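So the structure is just underneath, and the comments pick up after that.
The values are calculated or read from the model by the stated rules, or taken from the named source; none is laboratory data. Source: prediction; values computed, not measured. Because the Cβ atoms are built from the backbone with ideal geometry, glycine has one as well, and the counts that use them run over all protein chains shown. Surface accessibility is based on the protein's heavy atoms, side chains included, excluding ligands, DNA and RNA. Shrake-Rupley method; radii C 1.70, N 1.55, O 1.52, S 1.80 Å.
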Amino acid sequence: MTADKQRSIRSTLARLGLHATSKQVVDELANFGVEVSEAFVSKVKEQIRREESKAVAERSKRQPKNKSRN
């Protein structure tokens with residue numbers, strides 16, 4: 001069930017924005033009968049931020065394409 005709750009949190013954050021507070025996410029999910037703690041929402045938000053920063057770091061490691069004219 002934890003994976004389902006995590007997926008619900010991620011989709012709610014996608015709709016509300018990552019700037020939404022944990023309390024807002026908890027309240028929004030409660031409207032749909034999903035009970036999660038603010039601490040769990042914070043944990044998921046931190047995971048999302050880590051994934052995003054990791055993706056940015058990976059993109060910056062890539063070699064730029066050679067754009068020479070022939």
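Can you give me the accessible area per residue for the chain, using a 1.4 Å probe, in Å²? About 81 Å² of surface per residue is accessible. Calculated [222 nm] ellipticity per residue, helices only, for the chain: -22500 deg cm²/dmol; basis is -39500 (n - 2.57) per DSSP H run with n ≥ 4, divided by all residues, nearest 500. Kirkwood analysis of the chain, using all unique Cα-Cα pairs, places the hydrodynamic radius at 13.8 Å. Along the positive direction of the dipole of the chain (beta-carbon charges: Lys, Arg +1; Asp, Glu -1; about the Cα centre), which of Val25, Ala14, Phe40 reaches farthest? About the Cα centre, the residue reaching furthest to the positive side is Ala14. Under 10 Å, Cα contacts only: if you run a Gaussian network model on the chain, which one of Val56, Val41, Val26 comes out with the highest mean-square fluctuation? Looking only at Val56, Val41, Val26, the largest GNM fluctuation is found for Val56. Restricting region 1-65 to trypsin sites (Lys or Arg not before Pro) that sit in a DSSP loop and have at most 13 other Cβ atoms within 10 Å of their own Cβ leaves Arg62, Lys65. Measure off, as a whole percent, the carbon and sulfur share of the 1.4 Å-probe accessible area of region 1-56, all protein chains present. Reported share for carbon and sulfur atoms: 53 percent. Which of the aspartates and glutamates could a cross-linker span from Lys43 if the Cα-Cα distance has to be under 20 Å and same-chain partners fewer than 8 positions apart are dropped? Here the aspartates and glutamates satisfying the reach criterion relative to Lys43 are Asp4, Asp27, Glu28, Glu35, Glu51, Glu52.
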